[in-house]
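The values are calculated or read from the model by the stated rules, or taken from the named source; none is laboratory data. It should be emphasised that the depicted structure is a prediction, and the values quoted were computed from it without experimental measurement. Every residue, glycine among them, receives a Cβ derived from its backbone with ideal geometry; neighbour counts consider all protein chains shown. Just the protein is used for accessible areas: all its heavy atoms, side chains included, with ligands, DNA and RNA removed. Shrake-Rupley method; radii C 1.70, N 1.55, O 1.52, S 1.80 Å.
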Amino acid sequence: MKPVLSIEFCVSCGYEKRAFALMETFVRLYKNDISSFNLIPSSVGAFEIKFKDLLIFSKRSEDRFPITEELLLILDVKIRNEK
């Protein structure tokens, strides 16, 4: 079974545009490797990316937004390991 990729983002913080743009990139690049792309609105200051329920980036932990390229490197390795 193909993995799930999700982004939890804070609506009250105005993170939706950033989450939508990042998810658009993920869908474009990984549409054949991921079974479901989930956007999860929240209100707790979150911007967290999960792959197979494993947290791969947390804005709260890192105190910054992710760089797209760093996420793509992480996902490339994780997806390659799934095959």
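As an exercise, find the ratio Rg/Rh for the chain from alpha-carbon atoms, using the Kirkwood inverse-distance average for Rh. Walk me through the intermediate numbers first.
Details: Rg = 12.1 Å, Rh = 12.8 Å.
We get a ratio of 0.94 for the chain.
Projected onto the charge dipole of the chain (+1 at Lys/Arg Cβ, -1 at Asp/Glu Cβ, origin at the Cα centre), which of SER35, PHE9, LEU75 gives the Cα projection farthest towards the positive end?
SER35
Keeping all protein chains in place, calculate the accessible area per residue for the chain (probe 1.4 angstrom), answer in Å².
Details: 5150 Å² over 83 residues.
It amounts to 62 Å² per residue over the chain.
Provide the FRET efficiency to the nearest 0.05 for the ASN32-GLU70 pair, computing r from the beta carbons and using R0 = 22 Å. Mind showing how you got there, number by number?
Details: r = 22 Å, r/R0 = 1.00.
The value I calculate is 0.50.
Report, in degrees rounded to the nearest 10, the 0 to 90 angle that the Cα long axis of helix 68-82 makes with the longest principal axis of the chain.
40
Please state the relative contact order of the chain as a whole percent: Cα pairs under 8 Å, 6+ residues apart?
Details: 112 pairs, mean separation 28.2, N = 83.
Value for the chain: 34 percent.
How far apart, in nm, are the 7 Å Cα→Cβ label points at ASP53 and LYS78?
1.4
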